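The values are calculated or read from the model by the stated rules, or taken from the named source; none is laboratory data. Keep in mind that what you see is a predicted model, and the values were worked out from it rather than measured. Positions of Cβ are generated from backbone atoms using ideal geometry, with glycine treated the same way; all protein chains shown enter the neighbour counts. SASA here: full protein model, heavy atoms, side chains in, ligands and nucleic acids out. Shrake-Rupley method; radii C 1.70, N 1.55, O 1.52, S 1.80 Å.
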Amino acid sequence: FRAETDDGATLHGFREGHGQPLLLVSGLSGTAGFWTQIASTLGRSFQIIRFDQRGIVGSSRGEAPCDIERLARDGLAVLDAAGLDRAIVLGHSTGGCIAQAMAKLAPGRIDGLILSATWLKPCRYMTAVF
């Protein structure tokens, strides 16, 4: 499926499995393909939603400057395009930062967060890396 954003990006998404919705958000420059192996396993218990982030593989870049809040809004647009009001969000690395920002922007749409190898706020090291 495709999700359209308010700044003209088109995000390429995938849906598989059955059950409670689980949005998978990969790290920086993330692709839906990052989750391919685990998605088939998780799809036995969850409806898996995953997507290519803006400007990566099947998704276009859009016009807005890119920051964590913009990427969180993209995640919400993916939920909208999938016809989902709510989901658990699993975020890995920068995807965990995006997941936390989604929960801050739209707490009523997030049933839970699963955070992997991520951080709460920038530190000196992460600021230097990014």
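Some points to look at:
- Dipole of the chain, positive direction: furthest Cα of T127, A101, G19, with charges on the beta-carbon: T127
- FRET efficiency for the pair V129 and E69, taken as 1/(1 + (r/R0)^6) with r the Cβ-Cβ distance and R0 = 25 Å, rounds to 0.85.
- For segment 12-130, the fraction of 1.4 Å probe accessible surface lying on carbon and sulfur atoms is 56 percent.
- In plain terms, if you count all Cα to Cα distances in segment 1-61 and split them into 10 Å steps from zero, the share in each step is 26, 50, 22, 2 percent.
- When only alpha carbons are used to place a centre, segment 84-99 and segment 5-46 end up 10 Å from one another.
- Segment S45-I88, length gained on full extension (0.36 nm per residue, minus Cα span): 14.2 nm
- Here R73 sits with roughly 110 square angstrom of accessible surface, probe radius 1.4 Å.
- Computed on protein heavy atoms with a 1.4 Å probe, the accessible areas place W119, W35 in the order W119, W35, largest first.
- Added length on full extension, which subtracts the Cα-Cα distance from 0.36 nm per residue, S116 to Q20: 32.6 nm
- Between S59 and H12, the built amide H atoms are under 5 Å apart, and every one of these is 5 or more places off in sequence or on another chain.
- Amide H contacts of G17 (H built 1.01 Å from N, under 5 Å, at least 5 apart or other chain): I48
- Per-peptide packing, taken as the mean over residues of other Cβ atoms within 10 Å, places 109-115, 45-51 in the sequence 45-51, 109-115 from highest down.
- Magnitude of the charge dipole for segment 1-108, about its Cα centre and with charges confined to Cβ atoms of Lys, Arg (+1) and Asp, Glu (-1), is about 320 debye.
- Net dipole in debye of segment 75-125 [+1 Lys, Arg Cβ; -1 Asp, Glu Cβ; about Cα centre; nearest 20]: 280 debye
- Summed side-chain charge close to T41 - residues other than T41 whose Cβ falls under 15 Å, Lys, Arg +1, Asp, Glu -1: +1
- Within the listed set V57, V78, V89, the Gaussian network model of the chain (springs between alpha-carbon atoms below 10 Å) gives the highest mean-square fluctuation for V57.
- Taken over the Cα atoms of the chain, the convex hull encloses 97 Å³ per residue.
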